[in-house]
Amino acid sequence: MIFRSWRRISLAAPLVIVLLLAVWEIAVRVTGLPVWFLPPPSLVFIALAQMWPQLLTQSLYTVAEALSGLLAAVLVALVLASLMALSPRVRRGVYPLLVFSQTVPIITIAPLIAIWFGFGIMPKMVVVTLVCFFPVAVSVIEGMQAADAEMLKLLRVMGASRWQMIRLVQIPAALPSFFAGLKIAGTYAVMGAVIGEWLGAEKGLGLFMTTASRAYRADVVFAAIVVISLISLTLFALIELLSRLSIPWYHNERRR
């Protein structure tokens, strides 16, 4: 039954996409909109085929920025979560700052990051890290807080240290939440890299889109958007695969 339900969902998504593309194609053809304003999907796919070598080359830089920034975000998030788990005082002092950091739109401080770090890969990594660390940090913190209280009491009675309780109970309990937050961060990572490239870059899909938009090549811009979406979906799928390999017991329980 689960397989049938998943198969129905898997088949429904492509059908909806095909339907939307058909409506888009017909609407543009019927209304006569100029291609520089809204190109039909057929022209987008032609541009995708024609520009594929350039898109592939530029996407390598964007992927490198996204992955390096995502890795830095995970490391920062795990360190902060561990410190807050070890000390309630640190949690009370740092957690509000984490929330406050998300009230500042990243696009407003990205120019400052470009000024401070230049136009190489570093400012893009910083932007991606700022975008991605919050969902990972919050997921890990909440997962640790949801650990089995009785198991923690048992370890405390047995004389376990605070770090042992974190390592033996809280970290395993937080793994499902960690991967849930990581999947969200993974989809944000490519977006953060592109935003960083919009504000100043030597290479990358963001710069490629900016150049195409200045030339009124909307079809090329949409082609780049397709590539960005494919990269994000691939990254999401890889994180899901890593999750299933790391915590098979959790996914086995969900299938029951």
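The values are calculated or read from the model by the stated rules, or taken from the named source; none is laboratory data. Quantities reported herein were computed from a predicted structural model and do not represent experimental measurements. Cβ: placed from backbone, ideal geometry, glycine included. Neighbour counts: every protein chain shown. All accessible areas refer to the heavy atoms of the entire protein, side chains included, with ligands and DNA or RNA removed. Shrake-Rupley method; radii C 1.70, N 1.55, O 1.52, S 1.80 Å.
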Would a scan of the range 222-242 turn up a residue that is touching a residue at least 12 places away in the same chain (Cβ under 8 Å), closer than 27 Å to SER68 by Cα and not in a helix (DSSP H, G or I)? no
In the set LEU207, LEU245, which member is free of Cβ contacts under 8 Å to residues at least 12 places away in the same chain and either assigned to a helix (DSSP H, G or I) or of a type in the set (A, V, I, L, M) (or both)? LEU245
Which number in (1) assigned to a helix (DSSP H, G or I); (2) open to solvent by 40 Å² or more (accessible area, probe 1.4 Å); (3) β-branched (Val, Ile, Thr) marks the one condition that THR103 misses? (1)
Can you pull out the residues in the range 67-82 that are open to solvent by 60 Å² or more (accessible area, probe 1.4 Å) and either under 11 Å from ALA137 (Cα atoms) or touching a Cys at 6+ places or on another chain (Cβ under 6 Å) (or both)? LEU75, VAL76, LEU78, VAL79
Just one of (1) surrounded by 13 or more Cβ atoms within 10 Å (Cβ to Cβ); (2) assigned to a helix (DSSP H, G or I) trips up TRP116, so point out which. (1)
Just need a number here: residues in the range 94-128 that are in contact with a Ser or Thr (Cβ under 9 Å, 6 or more places away or on another chain) and of a type outside the set (Lys, Arg). 3
Within the group ALA189, ALA193, ALA185, ALA160, which residue is over 16 Å from LEU67 (Cα atoms) and either buried (at least 19 other Cβ atoms within 10 Å of the Cβ) or at pLDDT below 90 (or both)? ALA160
Can you report the number of residues in the range 202-225 which are aromatic (Phe, Trp, Tyr) and buried (at least 23 other Cβ atoms within 10 Å of the Cβ)? 1
Within the range 27-40, track down each residue that is buried (at least 18 other Cβ atoms within 10 Å of the Cβ) and not in a loop (DSSP other than H, G, I, E, B). VAL28
Lone unmet requirement of (1) under 25 Å from TYR250 (Cβ atoms); (2) modelled with pLDDT under 90 for LYS203: (1)
For the range 120-138, state whether one or more residues are part of a loop (DSSP other than H, G, I, E, B) and in contact (Cβ under 8 Å) with a residue 24 or more places away in the chain. yes
Residue among VAL221, VAL226 that is in contact with a Ser or Thr (Cβ under 7 Å, 6 or more places away or on another chain) and among the hydrophobic types (A, V, I, L, M, F, W, C): VAL221
